[in-house]
1. Is there any pair linking a residue in the range B:20-31 that is assigned by TED's automatic domain parsing to the domain that holds B:Ile6 to one that is among the β-branched types (Val, Ile, Thr) and in a loop (DSSP other than H, G, I, E, B), with Cβ under 9 Å and at least six apart or on different chains, and which?
2. Can you confirm whether the range A:250-267 contains a residue that is β-branched (Val, Ile, Thr), within 30 Å of A:Glu307 (Cβ to Cβ) and within 12 Å of chain B (Cβ to nearest Cβ)?
3. Condition first: out of contact with any strand residue (DSSP E or B) (no Cβ under 6 Å at 6 or more places or on another chain) and more than 7 Å from every other protein chain (Cβ to nearest Cβ). Now tell me which residues in the range B:171-188 satisfy that.
4. Inside the range B:59-80, can you point out the residues that are at the interface with another protein chain (Cβ under 7 Å from one of its Cβ atoms) and assigned to a loop (DSSP other than H, G, I, E, B)?
5. Which one of A:Val264, A:Val280 is surrounded by 19 or more Cβ atoms within 10 Å (Cβ to Cβ), within 30 Å of B:Gly200 (Cα to Cα), modelled with pLDDT under 95 and not polar (S, T, N, Q)?
6. Name the single residue, out of those in the range B:5-53 being more than 18 Å from B:Thr154 (Cβ to Cβ), hydroxyl-bearing (Ser, Thr, Tyr) and part of a loop (DSSP other than H, G, I, E, B), that is modelled with the lowest pLDDT.
7. How many of the residues in the range B:112-143 are touching a Ser or Thr at 6+ places or on another chain (Cβ under 8 Å) and farther than 15 Å from B:Met267 by Cα?
8. Of all residues in the range B:62-72, count the ones that are modelled with pLDDT of 95 or more and surrounded by fewer than 16 Cβ atoms within 10 Å (Cβ to Cβ).
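The values are calculated or read from the model by the stated rules, or taken from the named source; none is laboratory data. What you are looking at is a predicted structure, and each value in this text was computed from that prediction instead of being measured. Cβ sites come from the backbone with ideal geometry, for glycine too, and all protein chains shown count toward neighbours.
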2 protein chains.
Amino acid sequence: MHLGTIQLDDGTTAVVVRSSESEAAVIPGYRDLDDLLERHVNGSSWRGEAESALHDGQRVSLHEVSWLPPVRRPRKILGVALNNSANPDRIISGPESPAMFVKPSSSLVGCGQPIRLRPEMGRVHPEPELAVVVGREGADIPASSALEHVFGYTVFNDLTSPTMRGEDTFHYRAIHPDPDAADGIRYVESWVSYPARYKGSDTFGPMGPWVVDAGEVPDPHDLRITCTHDDRLVTDDNTMNLRFSVAEVVSYASSYMSLEPGDVIAMGTALKKSARGGAVQNVDLNRLRGRIDVSIDGIGTLWNPVEAR
Amino acid sequence: MHLGTIQLDDGTTAVVVRSSESEAAVIPGYRDLDDLLERHVNGSSWRGEAESALHDGQRVSLHEVSWLPPVRRPRKILGVALNNSANPDRIISGPESPAMFVKPSSSLVGCGQPIRLRPEMGRVHPEPELAVVVGREGADIPASSALEHVFGYTVFNDLTSPTMRGEDTFHYRAIHPDPDAADGIRYVESWVSYPARYKGSDTFGPMGPWVVDAGEVPDPHDLRITCTHDDRLVTDDNTMNLRFSVAEVVSYASSYMSLEPGDVIAMGTALKKSARGGAVQNVDLNRLRGRIDVSIDGIGTLWNPVEAR
C-alpha cells in the first residue's frame, strides 16, 4: 500500500492509495502518517484500518490532492554521504562505513510544494535518493533483522548547496591530547564542515509523495532512479549502485543512534549521469528554477517547482 | 521560574521549581515541557498554571527526582561550532557567520542519567555550553527582536568524539560545474566531515536539569560557565566569550531554518581552561569514566555519570 499525509480542509490527515487508483482514501483518526506509525509500533495492525479506508473511506482525487511530507515530523532524518559506487574516482580518502549527517524536519516539503531559494544560498542542486522510513524502534539492530524495522520506502530529494558547504568548511587546528605530557595538548591541522545550512535549510528536503510499504518492494536494491529537470533527464541510476545496503545502513546507524518510528534514512545520491545529461551539480536550481522530478520505479515520482523566496 | 520534565510513577510530567526551593511541583496536564511549549506558543500564558502548581501542586523532592531532558523531543537541536573567542589561534580559516550542525533528539539525556560509551567510539570529551530553548516560532527573525523568541536557557554538554570525527572526515574531489563548458564538470579537491555519529550518538546530548525562563536571565552574555570532571575543575569560562551572541545566532539560524517551539540551540563550547585544568580534549570520558558536571551561574548544574554501554 501507499501511505501518505495530505492537507484536508483546515487540517491534515493520513491517507492510503492503491497503486492502480487515482484517488487517496482518508484513514480516519490519524492526523498524519507519523501518528499512525507512533500508534502502531508493531507495524502491521494499521493494515485493517487502511483496508477499511480503501473500501469505504472519504476520497480525494489525486489531481486535487495537496501532499505534505508523508512523515511530517520525523524525529530524525539521517542522510548517508558518498554512498554510490558509480563514480569512485572522486574519493581520495573515503568512508569505510556509512558516513551520516542529520537534516532537521523543518527542511521537509511534500510533493508539489515549492522549493524556495534565495540568492545568498548560492548554488543549490538536487540529489535523487531512495529513503527508508523506520517502522519499529531499535538500537544495535543486527543486519540480519534490520529489514524488519523498515516500514517502507519513499522518494527523497536531498537538496544541497555546495556554496554554503564551502562557506561552512573550515581549516583549523584541532586540539588533541599530547601523548608525551599529562594534561598537555598538541595542535593537529584539520578540516571540518558543518552541514546544518547546506543540507538543512527550509525546503531542502522534498519527500514523497507517499511511503510504499516494504511488502511491496521485494528488492530495494534493484530500482531504477532518475532525476529530471524540466523536460531533461539529468541522472539515470539504479539502487544496485548503493555501496552500503539498506540492511547495512539501518544496522550501522542503530548501533550509534537509536531508531524510532517515523525516522527517515536517505540512502545517498543516485548520481550516475544519463546518456544525455550532465551531473546533478550542473543543475543549479537557484539559477535555473523550473521543476525538478525524482522518480523511483515501483515507488513513485516526487516533483517540486522551484521559486524565489 | 525553572521548568523541566521528570519521570513520575509510570509516566512523565512537566514540573516547575522555584530557585530557592528543594522541591519540584507537578504542572498537571502536561506530559513534558515540549507539550507546554507547544500549547502555549505565545509564551506567557503558562505562568498562571505554573504559579498554581507552586502554590498547591503535587511535590517531589529534588533529592529523589528523576530528571529527563527538559525538552524531551525538540524538533531540532542546533549546535554552533567554533563560537568562542578565548582561543583564536586555533583557527586557520574560520567562520564569518555562525557555523551549525544538527544533533538528533535521540542523543538527549537528562541530568543524572548516564552517558553510555563503548570502545569503538574512541575518545569522547565534554563541551560545556549555554543552550537556548525557543518559545515562539519564527523565520527570518531580525536580531533586534530575536530574544522575544527565546523561552529560556539551559545547560548543555555537547559531547564530541574526535575519533569518530576523524573517521567521518573525507578528502575527495567535489564536482563543480565547468565554467568553460556547458554541462561540463571539473573536480575540486575538498574536505568534508559528517557529524551524525561524532555529535549525535545516543547519550551525547546531556541537557538540563531545567530551563530557566528568559525573564530570570537579564544578560545571557555575562554568565560564568565551568566544567568539572570528578573533583577537578577543567574549564572556567564566561559566556561573554561567545563570538556570536544569542540574538545574532537566533536571527541567523532562523533565516535558513524556521525555528519552532522547543527547538534547542547550543551556543558553542566554553572552552577556556581553568587555572589548574587541562583542555576539555584531555578529559576522555571513554577512558576516565567518573562524573562530569557543567555549571552555569544563575542557570544550574548538569551532572552525569559515565558508564560502559
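1. Here the result reads B:Glu23/B:Val65; B:Ala24/B:Val65, each pair linking the range B:20-31 to a residue that is among the β-branched types (Val, Ile, Thr) and in a loop (DSSP other than H, G, I, E, B).
2. yes
3. B:Pro179, B:Asp180, B:Ala181, B:Ala182, B:Gly184
4. B:Arg73, B:Arg75, B:Lys76 - these are the residues of the range B:59-80 that are at the interface with another protein chain (Cβ under 7 Å from one of its Cβ atoms) and assigned to a loop (DSSP other than H, G, I, E, B).
5. On the way: A:Val264 fails: modelled with pLDDT under 95.
Matching residue, one of A:Val264, A:Val280: A:Val280.
6. B:Ser44
7. Final tally of qualifying residues: 18.
8. 1
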